[in-house]
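Below: the structure, in structure tokens.
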Amino acid sequence: MDELGARPATSADAAEIVETLAGAFDADPLWSWAFPDDDKRPAQYKTFFGLFVESAIPNGWAWTTDQATAVAVWTPPGKNELSDEAKARVEPFVTAELGAHAEPVLQVFESFESACPDDADFYYLSLLGTHPDHRGRGLGMSLLAANLAQIDAEGMPAYLESSNPSNDARYERLGFKPRAKFSTPEGRHTVTTMWREPSPG
């Protein structure tokens, strides 16, 4: 991954990674629905996504390019997406920030959990994002492809949830196949879960 300058992130990279994710997901259909206040959303994202980044870094599979132009936050087999401490913070944070809107958002979080396969080991892509200043250069997909090459070398499958339908075809080009779908309670937004068997190369 030298051409990307990609490497496993350390705690010193956390703030920069979260900054990239906050920008990358600002207009995401699902996540902007979950956090609908344009003014509050950047700070809310930094807290919320920060829980995932801080949990992932010790597992060794949070990846960043130079200056966090693109980042990929993975959960490797046998590890948890959120630490116990981070998981305990999610519901109180969402409830405090979102008021009445917290209930449907927490329902969607339960849908994420229910949809996640529990009958196999796999690498789980929690978050993938490109800094808004560097969009259109293919950095995010290049980082994902590089990660998948490593996962293929281990003979492991990979799983993700696509919260933006416009990204589905990009994931399919890298070997992911749609697995299932779930929607927000009012049916406005749909998430597609996707599975990828290891490529024999």
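Among residues other than Asp37 with Cβ under 13 Å from its Cβ, the summed charge is -2 (Lys and Arg +1, Asp and Glu -1).
Taking the C-alpha atoms only, the angle from helix 41-56 to the longest principal axis of the chain is near 50 degrees.
Principal-axis analysis of the Cα atoms of the chain puts helix 14-24 at an angle of about 70° to the longest axis. Phi angles of the range 115-132 translate, via the Karplus equation with coefficients 6.51, -1.76, 1.60 and θ = phi - 60°, into HN-Hα couplings of 6, 5, x, 10, 10, 7, 8, 6, 8, 10, 7, 6, 8, 9, x, 10, 4, x Hz per residue; Gly and Pro are given as x. Note on the chain: dipole from Cβ charges, positive end direction compared against Gly23, Ala180, Pro77; the farthest Cα belongs to Ala180. Under 5 Å between amide hydrogens, built in the peptide plane, is the criterion, and for Ser83 it picks out Ser55 among residues at least 5 positions away or on other chains. Taking every alpha-carbon pair under 8 Å whose residues sit at least 6 apart, the range 1-146 reaches a relative contact order of 33 percent. Each of Trp195, Trp31 has some number of other Cβ atoms within 10 Å of its Cβ, and from fewest to most they run Trp195, Trp31.
Non-local amide H neighbours of Ala62 (under 5 Å, H modeled in plane, Pro and chain starts lacking H): which ones? Close amide H contacts, sequence-distant or interchain: Ala9, Trp74. Enumerate the lysines that Lys79 could reach by cross-link, defined here as Cα to Cα under 21 Å, with residues fewer than 8 away along the same chain left out. Straight-line reach from Lys79, under 21 Å: Lys87. Between the range 83-138 and the range 152-167, what is the C-alpha centre distance in whole Å? If you average the Cα positions of each part, the centres end up 15 Å apart.
Within straight-line reach of Lys40, meaning a Cα separation under 17 Å, sit the following aspartates and glutamates at least 8 residues removed in sequence or on another chain: Glu19, Asp26, Asp28, Glu97.
All of the numbers you see were taken from the coordinates with simple rules; none came from a lab. Please read these numbers as outputs of a predicted model, since none were measured by experiment. Cβ: placed from backbone, ideal geometry, glycine included. Neighbour counts: every protein chain shown.
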